[in-house]
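Report on the structure given below.
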Amino acid sequence: MAIRERMSGNEAVAYAIRQVNPDVMPAFPITPSTEIPQMVSTYIANGEMDTEFIPVESEHSSMSAAIGAQAAGARSLTATSSAGLALMWEELLLAASNRLPLVLTLVNRTLSGPININCDHSDGMGARDTGWIQIYAENNQEAYDNFIQAYPIAEHPSVHLPVMVCQDGFITSHAVENIELLEDGKVKSFVGEYEPEEFLLNPGKPIAVGPYAVSNYVMEAKKNQEIALENAKAVILDVAEKFAAVSGRHYGLFEEYRTQDADFIMLIIGSAAGTAKQAVDELREEGYKAGVLKLRVFRPFPAKEIAQALKNCKMVAIMDRCESYNGNGGPLGSEVTAGLFRYKVMIGAVNYIYGLAGRDFTVEDAKEVFAEMENAMIAGTQPEQYRYIGLRSQEADE
Amino acid sequence: MEEKKELEIRWHGRGGQGAKTAALLLADVAFKTGQYVQGFPEYGPERMGAPITAYNRISRNPIRVHSNIYAPDYVVVVDETLLHTVDVTAGLKPDGAIIINTPKSAEEVRPLLNGYKGAVFTVDARRISMETLGQNFPNSPMLAATVAVTEVMPREEFIADMRASYEHKFAKKPEVIEGNMQALIQAFDVAEQALSVVYKVAV
């Protein structure tokens, strides 16, 4: 029987970490992820888990130590946010290219500046090309469920890649909500013991980790890494199916909410997806055919699957909680539109930037986006691309 | 009283006073009645004394919306000095209510509420806290008053529930349990009494 509880997103992830009981957790605190290592330390101090906790002096060191431990053959993880992830940049690439299946629980927070502690996806999106698998959560339940699925994905023989499990800072990390937890034994048997095929502390089979490679070999290594990321797609779905068997909760690369007959679809990541679903329900009552496509897996990017899911709608609003300073839209907008073109799905598409640094995104904001799509369709015009939602105007401030 | 589909509550306090903790405790209380809950803070500058806001949603159905609350059913003001600087009744539903920590009467504070026409409840949480705990911890009495006014949970159930959680929380400081319980009970009674008067007027 599932355990019915209420807890915050950070509590939920810390609870999952206790249940999985990985071998090593180096960590350095940063808002809003600080509670995770703090709660894990408490579990360890209380004798409820026996993970080796390493307090380090920076995030550069926490990721380095996690990489070292994982390479040695230990199941490892760390937690961070924002500038902490930025400071790990070099090591993120090392973790992925050395094919180390460690897990990072990321509590999404904006990057400076101006300095701010609240949620957007700048940190995760900034690390989108480091070779990590990235899975995003709508609420505490998904943050918990995604963490439990992370190691089976990462450690799969056809993957061997690190996984970043992401949730929205404060909006879910610090919000207490209902949750259904699995029993410890169920989680333990689902995740299983870590049995690395090759590792440094294996005297019978010595290996080198991270040596120099000449140009004759680097390109093949990179291609192999790319193949592993492609392989991850099938593994993520397979792990989700097994997870559904123990939890009753179903996950895919993305969730399609009332999209089957939808004329207008909002494509969105994270906690704002729930708000968008509420808007869709209210619009549906007025006879308006709206839907939400909530992206769960951003890396590997399911371009083909998204194109398929959108092919029958008239227009999609692609919602980026991140500015990518390329003068052409957000990361999600760029990748989705490239995917639509590649798979010859010639629907209307408009890219919005919303919710930067914790700017609120309401049901009304979501409805406004749907209304703008419909108006553009009726007028037969292409909506203005790459727009900001909820921006202060000079008039409004006066 | 007609059962509402979803209850939305907004808390106003100052950093360090426990408005966020009170919102999380209210979520806890409502969870125990089998409802779906949400309790979350909105942080401005992280320093003692800065105005902070916290929110609750309480519903019979799963809660999906993750935005702040702009049209609350209830507003709780933990620090009355905020009445002069923050528009605490913004969006507050006229058939809802505002609960304020102040020694003044509802009539005395109403002029500070930007013309709000709905029910106003005042609780002297500071006095209750000083008398029962010897220190100013207004969040426990304000939580009790909020439970009384919103009728999230029946009195006896709430009191029993809070005693159990204090016994757990203060296992190493059992001497503070009785004071906290007295603070809750006094505030609950004040609010409940005021509530009965308001209803008589309404009838």
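Only the coordinates and a few stated rules stand behind these numbers; no lab work does. Here the structure is a predicted model, which means the values were calculated and not measured. Neighbour counts run over all protein chains shown; Cβ positions are idealised from the backbone, glycine included.
Condition first: closer than 24 Å to B:Ile69 by Cα and more than 24 Å from the chain's Cα centre (by Cα). Now tell me which residues in region A:329-371 satisfy that. Steps first, answer last, please.
The initial filter retains those residues of region A:329-371 that are closer than 24 Å to B:Ile69 by Cα, namely A:352-371.
If the condition is that a residue be closer than 24 Å to B:Ile69 by Cα and more than 24 Å from the chain's Cα centre (by Cα), then A:Glu364, A:Lys367, A:Glu368, A:Phe370, A:Ala371 are the ones that fit.
Based on what the data block shows, is B:Ile100 in a strand (DSSP E or B) and touching a Ser or Thr at 6+ places or on another chain (Cβ under 6 Å)?
When the stated conditions are applied, B:Ile100 passes them.
Pairs needed: first member in region A:25-36, free of Cβ contacts under 8 Å to residues at least 24 places away in the same chain; second member anywhere, in a helix (DSSP H, G or I) and buried (at least 20 other Cβ atoms within 10 Å of the Cβ); C-beta distance under 7 Å; at least 6 residues apart or different chains.
A:Pro29/A:Pro37
Using beta carbons and a limit of 7 Å, which pairs, at least six apart or on different chains, have the first residue in region A:168-189 and more than 14 Å from every other protein chain (Cβ to nearest Cβ) and the second one among the acidic types (Asp, Glu)?
Nothing qualifies.
Out of curiosity, is B:Pro94 of a type outside the set (Gly, Ala, Ser), more than 9 Å from chain A (Cβ to nearest Cβ), touching a strand residue (DSSP E or B) at 6+ places or on another chain (Cβ under 7 Å) and in a loop (DSSP other than H, G, I, E, B)?
Values: of a type outside the set (Gly, Ala, Ser): yes; more than 9 Å from chain A (Cβ to nearest Cβ): yes; touching a strand residue (DSSP E or B) at 6+ places or on another chain (Cβ under 7 Å): no; in a loop (DSSP other than H, G, I, E, B): yes.
No; evaluated as a whole, the condition is false for this residue.
What do you reckon, is A:Val159 over 24 Å from A:Ala83 (Cα atoms), within 12 Å of chain B (Cβ to nearest Cβ) and either buried (at least 21 other Cβ atoms within 10 Å of the Cβ) or in contact (Cβ under 8 Å) with a residue 40 or more places away in the chain (or both)? Reasoning before the result, please.
Working: over 24 Å from A:Ala83 (Cα atoms): yes; within 12 Å of chain B (Cβ to nearest Cβ): no; either buried (at least 21 other Cβ atoms within 10 Å of the Cβ) or in contact (Cβ under 8 Å) with a residue 40 or more places away in the chain (or both): yes.
It is false that A:Val159 is over 24 Å from A:Ala83 (Cα atoms), within 12 Å of chain B (Cβ to nearest Cβ) and either buried (at least 21 other Cβ atoms within 10 Å of the Cβ) or in contact (Cβ under 8 Å) with a residue 40 or more places away in the chain (or both).
So, B:Arg47, is that one more than 26 Å from B:Tyr166 (Cβ to Cβ), more than 9 Å from every other protein chain (Cβ to nearest Cβ) and not in a loop (DSSP other than H, G, I, E, B) or not?
No; evaluated as a whole, the condition is false for this residue.
Out of B:Ala23, B:Ala71, I need the residue that is within 13 Å of chain A (Cβ to nearest Cβ), under 13 Å from the mean Cα position of the chain (by Cα) and either buried (at least 18 other Cβ atoms within 10 Å of the Cβ) or touching a residue at least 24 places away in the same chain (Cβ under 8 Å) (or both). Which one?
B:Ala23
Which of the numbered conditions does A:Glu5 fail, given that it passes all the others? Conditions: (1) within 18 Å of A:Lys188 (Cβ to Cβ); (2) of a type in the set (Asp, Glu); (3) part of a strand (DSSP E or B).
(1)
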